[in-house]
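Notes to accompany the following structure.
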């Protein structure tokens with residue numbers, strides 16, 4: 001009986017880990033979208049206002065954002081505020097893979113945005 005409980009608990013933990021890894025988004029895909037002027041039906045790339053993620057270095061740490069006269073309670077809401085307000089695009093579903101990928105990219109910046117790569121790269 002103890003073996004069955006351990007096996008079931010292991011399966012549960014594994015399942016949660018797999019679910020979390022898929023829900024976390026793909027930063028490489030997010031970076032590509034961030035640089036795409038056609039992303040979310042907008043008129044310019046996010047990187048035009050935020051080259052190399054400049055200005056977003058601490059976004060992963062924030063719980064609230066104040067953009068364009070409004071307050072957003074999540075990074076996803078802030079991304080949509082920029083997409084709609086600054087870029088004239090269409091808001092993304094906050095649970096969509098595209099949003100998860102863009103958020104993963106922004107979260108990956110964590111103080112590294114705007115830094116130039118070392119010589120030879």
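Quick notes
- In segment 70-121, residue modelled with the lowest pLDDT [restricted to those that are on the phi > 0 side of the Ramachandran plot and in contact with a helix residue (DSSP H, G or I) (Cβ under 9 Å, 6 or more places away or on another chain)]: 114
- Checking every residue in segment 66-83 against the condition of being farther than 13 Å from residue 107 by Cα, in contact (Cβ under 8 Å) with a residue 24 or more places away in the chain and under 15 Å from the mean Cα position of the chain (by Cα) gives at least one match.
- Of all the listed residues (103, 94), the sole one being in a helix (DSSP H, G or I) and under 11 Å from the mean Cα position of the chain (by Cα) is 103.
The values are calculated or read from the model by the stated rules, or taken from the named source; none is laboratory data. Since this is a predicted model, take the numbers as computed values, not measurements. Cβ: placed from backbone, ideal geometry, glycine included. Neighbour counts: every protein chain shown.
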